[in-house]
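Here's the structure, in structure tokens; my notes come after.
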Amino acid sequence: MSDAVELVLDLRGTRATPTNSEEYKQLWDDLEPALHGCALRQRRVHELDGPDGEIRLEVVWLPEGFDRVTPDTVFSVVAVRERPRLHYRCKECQAVGESRYAPFVCTACPSDTRNNRVCDQHVVILDGSLTPTCPEHRPSCRGCGAPAVFRCAGKACRRERAWCAAHRRAHPRDPDVDYCPSCFDEAFPRCEQPHCQDVGTVRCEHFSRSFEQCERRMCTRHAMRWQVFGGERIGLGQCDRHRVRGALDPSEVVFRIITGAALRKSRERLPSLQGFAHTLRRFDPDLATDYPGIRRLLEAEGNTMRGNRAATAALERARHDWDRQLDGAAALHQQGLQLVERLRALVIRNDGQFGHELAAALVLAEYKAARNSRPAMLFVKLRDDLRGRFVGRGGAAIRSYSEQLGVRVQLEGSQRGPGGRSR
């Protein structure tokens with residue numbers, strides 16, 4: 001209808017408005033003759049008096065060249081404005097003879113209640129939730145029964161349980177989030193260190209043989225980490241009670257590492273055989289160089305963990321890599337044995353007096369192939385009384401052996417100094 005006059009029909013000034021299409025048609029049939037001859041272009045709004053009150057016509061669009069309304073003029077009513085009807089009335093206001101719009105539905109009123117709506121003045125919406133209720137069904141505090149003012153955001157309450165102001169514990173950094181006392185203590189536990197008021201964000205990752213985790217918490221300043229995953233990954237958190245000190249049985253070391261990695265919230269990949277060997281050097285130097293022995297120990301400890309799904313799954317994921325690493329370690333061991341034989345020949349040739357005794361006492365500890373910028377390294381074991389003779393004055397002898405073999409020769413378990421390094 002490109003030639004139609006577009007109007008908005010404003011019926012807010014009338015006492016009665018049509019309720020169906022037939023009544024609207026009758027209204028327009030009565031209204032249109034009064035428009036004949038009107039120059040609509042002169043003003044935007046036109047008022048007409050009727051038996052039920054004033055009707056306003058707002059001109060939205062006129063065809064080009066339109067002058068006055070004639071019986072042939074085509075109209076298009078693009079909108080109708082009516083007085084608002086109050087469909088939903090507040091039950092609290094009705095009780096005192098008032099009438100107010102009620103957009104909120106009480107979630108606690110019985111479903112068969114005829115009127116369960118309340119207005120914005122009577123609705124009860126507790127902090128931390130958008131659940132509306134009427135005053136009659138306002139929640140009570142779960143702790144003391146007083147009128148509740150907030151819903152707890154903690155894991156146990158999940159914004160379903162209501163609490164009064166006396167039981168409110170505010171989030172340390174977010175003023176819009178509140179907790180009940182027990183949920184607050186769970187979400188923000190205190191550091192175990194005496195007199196420390198910081199939040200214990202680090203939980204001890206020690207597990208008992210029945211797979212129960214230690215409950216102690218530490219702040220980041222007092223937390224201790226057992227670096228068993230290498231420098232690039234976060235070590236296992238330890239409280240002061242379970243901090244690794246002194247001697248530990250290798251089986252206990254392996255158990256702690258496996259359970260700590262498998263049962264932490266963010267699942268951790270188990271260390272490689274070399275990683276376990278590095279940790280075990282502190283507790284059993286001989287086992288640390290025995291990769292088949294480490295593999296057997298891992299399998300034995302795995303059998304004791306069959307009752308725990310997470311630990312069993314972590315072991316299953318690691319077995320293929322461990323077997324591949326064991327094959328690689330076996331090949332390196334053979335290369336190491338060959339290098340030791342060559343080293344023995346060099347020692348005999350270099351030391352005419354003690355060469356045969358030194359050569360007979362040399363035992364392979366471990367051979368590590370060159371990696372990135374690190375040269376190949378040959379670790380050998382030797383009795384303490386022969387170490388000085390083997391190293392030579394100022395480390396000259398062991399440097400000579402390294403140059404001739406093309407690998408760095410080091411004594412296993414020696415202190416830092418010429419030709420040796422503590423492992």
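The values are calculated or read from the model by the stated rules, or taken from the named source; none is laboratory data. Every value quoted in this text rests on a predicted model; they were computed, and no experiment measured them. Methodologically, a virtual Cβ is constructed for each residue, glycine included, from the backbone with ideal geometry; neighbour enumeration extends over all protein chains shown. SASA here: full protein model, heavy atoms, side chains in, ligands and nucleic acids out. Shrake-Rupley method; radii C 1.70, N 1.55, O 1.52, S 1.80 Å.
Can you tell me which residues in segment 174-199 are closer than 18 Å to Arg221 by Cβ, part of a loop (DSSP other than H, G, I, E, B) and open to solvent by 40 Å² or more (accessible area, probe 1.4 Å)?
Passing the criteria: Glu192, Gln193, Pro194, His195, Gln197, Asp198.
Is it fair to say Glu357 is within 19 Å of Arg408 (Cα to Cα), surrounded by 12 or more Cβ atoms within 10 Å (Cβ to Cβ), of a type in the set (Asp, Glu) and not assigned by the TED database to the domain that holds Phe207? Taking the combined requirement at face value, the residue does not satisfy it. Is there a residue in segment 137-151 that is among the polar types (S, T, N, Q), surrounded by fewer than 19 Cβ atoms within 10 Å (Cβ to Cβ) and in a loop (DSSP other than H, G, I, E, B)? No, that holds for no residue.
Checked against (1) free of Cβ contacts under 8 Å to residues at least 12 places away in the same chain; (2) at positive phi, Gly53 meets all criteria but (1).
If the requirement is being open to solvent by 80 Å² or more (accessible area, probe 1.4 Å) and hydrophobic (A, V, I, L, M, F, W, C), which of these qualifies: Ala261, Ala247?
Ala247
Restricting attention to segment 161-178, does a residue exist that is farther than 30 Å from Glu92 by Cβ, out of contact with any helix residue (DSSP H, G or I) (no Cβ under 6 Å at 6 or more places or on another chain) and of a type in the set (D, E, K, R)? Yes. Just one of the listed residues (Arg393, Arg374) is out of contact with any His (no Cβ under 9 Å at 6 or more places or on another chain), modelled with pLDDT under 95, open to solvent by 50 Å² or more (accessible area, probe 1.4 Å) and over 30 Å from Leu270 (Cβ atoms), and it is Arg393. Of all residues in segment 153-173, count the ones that are open to solvent by 70 Å² or more (accessible area, probe 1.4 Å) and more than 20 Å from the chain's Cα centre (by Cα). Residues flagged as open to solvent by 70 Å² or more (accessible area, probe 1.4 Å) and more than 20 Å from the chain's Cα centre (by Cα) within segment 153-173 amount to 5. Here Asp67 clears all of (1) assigned by the TED database to the domain that holds Asp178; (2) assigned to a loop (DSSP other than H, G, I, E, B); (3) open to solvent by 60 Å² or more (accessible area, probe 1.4 Å) except the condition numbered (1).
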